[in-house]
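Engineer: I have a structure I would like to understand better, so I am pasting it below and will then ask my questions one at a time.
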Amino acid sequence: MLLHQSEVWDKEGTGSNILSALQDLLWLLKSKVEKQLQIISVLQWVLTFLIMGIACTLILMYILCTDCWAIAALYLAWLVFDWNTPKKGGRRSQWVRNWAIWRYFRDYFPIRLVKTHNLLTTRNYIFGYHPHGIMGLGAFCNFSTEATGVSQKFPGIRPYLATLAGNFRMPILRDYLMSGGICPVNRDSIDYILSENGSGNAIIIVVGGAAESLNCTPGKNSVTLKNRKGFVKLALRHGADLVPVYSFGENEVYKQVIFEEGSWGRWVQKKFQKHIGFAPCIFHGRGLFSSNTWGLIPYSKPITTVVGEPITIPKIDNPSQKDVDFYHSMYVDSLIKLFDKYKSRFGLPETEVLEVN
C-alpha cells in the first residue's frame, strides 16, 4: 500500500527531529565530560602545588618503616646521587610537557600565549613574569607545558620556569617539577643555564615573588618591581636579553583576604616570607561541584600571557650599580608600554594604570 506524500514527509520529519535531538544530547554529554575533565586537571595541579611535596615526604618515611623499606632506601640513595641535577638544567621530559591533561588545564580558564616578537636562538633570555598571582597559573601552563604551543611560537628556545629552591628538596615532587622544565630560582642554577648550557635558553622569573602575591586581588594590576634588580644584574653578567611578560587575568582567578600593613596577619606573612621564602595567603576559589561555593579550584577566568619585545643587554662581568639602575629603568618602561598597548584588548579600560611598587 502506497503512502501519501504528506505521510512520507511526516515520517522523514520525525526521523530528522529524533536524529537532531540525539546529536544535541551527545554534544551536551561531551561538553559536560570535557568540563569535568578540565576541573579534574586543574584540581590535580592545585593539590600538587599545595601538598605533593609534604605528602611524598611522609609516604617515603612511612615506607621506610614497612617491609618495603628497601624501595625507599634505594630511592633515597639515588636522591643523594642526583641531588645537584636541578642546579644543572634539570631533566625535562617532552612526554610530560605534552600530556593531554595540560590541554584540559588550558581550556578550563582558558589560557593563551601571545607572541609579539621573534627571539633569536643565538641569544639567551631572562623573562620577567608579572604579576605573580596566587599560584602563577599562567606561568606554569605557558612555559612548563606545551599546551599553548610555546615551542612552536618560539622555535629553538628552551623555557625554564624558575621557582623556590626548597621545592627541589622534596622527594618525587622535585622529579615532577624537573620533567616540566622547572628549575630552582637561585644563582647556581641560573648561572649554569645561562653560561654552560649553550644558547637559546629562556629563564622565566616571577620577579615580584611572595611579596607580590600578598597584594594580588581581582581588579588590581600591581607589580612589585621598583627594588627588584637582581634579575637585571644577572642579565648583565651573562649578556642575556631581558623580556617583559605580562599576564592579563592572573589576579582574577582567586579571591584573597588582604591584611593591612601593621596588622598581625601581615606580620605573620612577612615572617614566613623572610625565613621560609613564601608567604601564606588566605584565599579561595570555587568549589568542586559548584561555582557558587568556596573551594580551592580557581575561577574560570581568561588568562592571556603577552611576551614583549626583548631588550638587548650587553655582557658586563662586574656591572656597576649605575649599569643595573639604567637597564632596570629601561625594563620598567618596557613593561609599562607592553601593559598599556594590550590592556584594552583583554578587557581593561584605557584609563587603567599599571601600579609599580
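Engineer: Specify the residue that is farthest from Ser213 (Cα to Cα); the eligible residues are those in region 283-303 that are open to solvent by less than 10 Å² (accessible area, probe 1.4 Å) and out of contact with any Asp or Glu (no Cβ under 7 Å at 6 or more places or on another chain).
Structural biologist: Applying the filter and picking the extreme gives Gly287.
Engineer: Take Tyr327 and tell me if it is in a loop (DSSP other than H, G, I, E, B), under 27 Å from Lys115 (Cα atoms) and open to solvent by 30 Å² or more (accessible area, probe 1.4 Å).
Structural biologist: So Tyr327 fails the test.
Engineer: Oh, and also: Return the only residue of Ala211, Ala235, Ala162 being touching a residue at least 12 places away in the same chain (Cβ under 8 Å) and either not in a helix (DSSP H, G or I) or not hydrophobic (A, V, I, L, M, F, W, C) (or both).
Structural biologist: Ala162
Engineer: Could you tell me how many of the residues in region 341-357 are in a strand (DSSP E or B) and more than 16 Å from Leu242 (Cβ to Cβ)?
Structural biologist: Qualifying residue count for the region: 1.
Engineer: Tell me, yes or no, whether region 333-340 has at least one residue that is at negative phi, in contact with a helix residue (DSSP H, G or I) (Cβ under 7 Å, 6 or more places away or on another chain) and either in a helix (DSSP H, G or I) or in contact (Cβ under 8 Å) with a residue 60 or more places away in the chain (or both).
Structural biologist: For region 333-340, residues at negative phi, in contact with a helix residue (DSSP H, G or I) (Cβ under 7 Å, 6 or more places away or on another chain) and either in a helix (DSSP H, G or I) or in contact (Cβ under 8 Å) with a residue 60 or more places away in the chain (or both): absent.
Engineer: Counting only residues that are under 22 Å from Gly285 (Cβ atoms) and not hydrophobic (A, V, I, L, M, F, W, C), which one in region 249-265 is most open to solvent (accessible area, probe 1.4 Å)?
Structural biologist: The selected residue is Lys255.
Engineer: Here's something else I'd like to know. Give Leu47, Leu79, Leu37 a once-over and let me know the one that is surrounded by fewer than 19 Cβ atoms within 10 Å (Cβ to Cβ), in contact with a Phe, Trp or Tyr (Cβ under 6 Å, 6 or more places away or on another chain) and assigned to a helix (DSSP H, G or I).
Structural biologist: Result of the check over Leu47, Leu79, Leu37: Leu37.
Engineer: Further question on the same structure: Just name the residue that is surrounded by the most Cβ atoms within 10 Å (Cβ to Cβ) out of those in region 185-200 that are closer than 12 Å to Lys88 by Cα and polar (S, T, N, Q).
Structural biologist: Ser189
Engineer: Could you tell me which of the residues Pro280, Pro244 is open to solvent by less than 60 Å² (accessible area, probe 1.4 Å), in a loop (DSSP other than H, G, I, E, B) and not aromatic (Phe, Trp, Tyr)?
Structural biologist: That would be Pro280, the only listed residue that is open to solvent by less than 60 Å² (accessible area, probe 1.4 Å), in a loop (DSSP other than H, G, I, E, B) and not aromatic (Phe, Trp, Tyr).
Engineer: Just checking, which of Ile203, Ile182, Ile172 is touching a residue at least 60 places away in the same chain (Cβ under 8 Å), open to solvent by 10 Å² or more (accessible area, probe 1.4 Å) and under 16 Å from the mean Cα position of the chain (by Cα)?
Structural biologist: Of Ile203, Ile182, Ile172, the one residue that is touching a residue at least 60 places away in the same chain (Cβ under 8 Å), open to solvent by 10 Å² or more (accessible area, probe 1.4 Å) and under 16 Å from the mean Cα position of the chain (by Cα) is Ile182.
Engineer: While we're on this one: Please enumerate the residues belonging to region 220-233 that are within 22 Å of the chain's Cα centre (by Cα) and not β-branched (Val, Ile, Thr).
Structural biologist: Scanning region 220-233 gives Lys220, Asn221, Ser222, Leu225, Arg228, Lys229, Gly230, Phe231.
Engineer: What number of residues in region 98-130 are small (Gly, Ala, Ser) and over 20 Å from Tyr192 (Cα atoms)?
Structural biologist: Total satisfying the criteria: 1.
Engineer: Lys322: surrounded by fewer than 16 Cβ atoms within 10 Å (Cβ to Cβ) and either within 25 Å of the chain's Cα centre (by Cα) or at pLDDT below 95 (or both), yes or no?
Structural biologist: Taking the combined requirement at face value, the residue does not satisfy it.
Engineer: Search region 82-132 for residues being closer than 30 Å to Leu64 by Cα and of a type in the set (S, T, N, Q), and hand back the single one that is most open to solvent (accessible area, probe 1.4 Å).
Structural biologist: Asn84
Engineer: Would you mind telling me which numbered condition in (1) open to solvent by 20 Å² or more (accessible area, probe 1.4 Å); (2) over 30 Å from Tyr108 (Cβ atoms) Pro218 fails?
Structural biologist: All conditions are met except number (2).
Engineer: Given the condition in a loop (DSSP other than H, G, I, E, B), free of Cβ contacts under 8 Å to residues at least 40 places away in the same chain and not small (Gly, Ala, Ser), answer yes or no: does some residue in region 93-113 qualify?
Structural biologist: no
Engineer: Can I ask one more? For region 133-155, how many residues meet the condition of being surrounded by 22 or more Cβ atoms within 10 Å (Cβ to Cβ), polar (S, T, N, Q) and not in a loop (DSSP other than H, G, I, E, B)?
Structural biologist: Matching residues across region 133-155 total 1.
Engineer: Hey, Val332 hits all of (1) under 22 Å from the mean Cα position of the chain (by Cα); (2) over 15 Å from Gly230 (Cβ atoms); (3) open to solvent by less than 80 Å² (accessible area, probe 1.4 Å) but one; which does it fall short on?
Structural biologist: (2)
Engineer: Of everything in region 278-299, what is in contact with a Lys or Arg (Cβ under 8 Å, 6 or more places away or on another chain) and in contact (Cβ under 8 Å) with a residue 12 or more places away in the chain? Give them in sequence order.
Structural biologist: Across region 278-299, the qualifying residues are Ala279, Phe283, His284, Gly285, Ile297, Pro298, Tyr299.
Engineer: Specify which of the listed residues (Thr312, Thr351, Thr305) is in contact with a Cys (Cβ under 9 Å, 6 or more places away or on another chain) and not aliphatic (A, V, I, L, M).
Structural biologist: The match here is Thr305.
The values are calculated or read from the model by the stated rules, or taken from the named source; none is laboratory data. The structure displayed is predicted, hence computed values, not measured ones. For neighbour counting, all protein chains shown are included, and Cβ atoms are generated from backbone atoms with ideal geometry for every residue, glycine included. Side chains included, ligands, DNA and RNA excluded: accessible areas come from the protein's heavy atoms. Shrake-Rupley method; radii C 1.70, N 1.55, O 1.52, S 1.80 Å.
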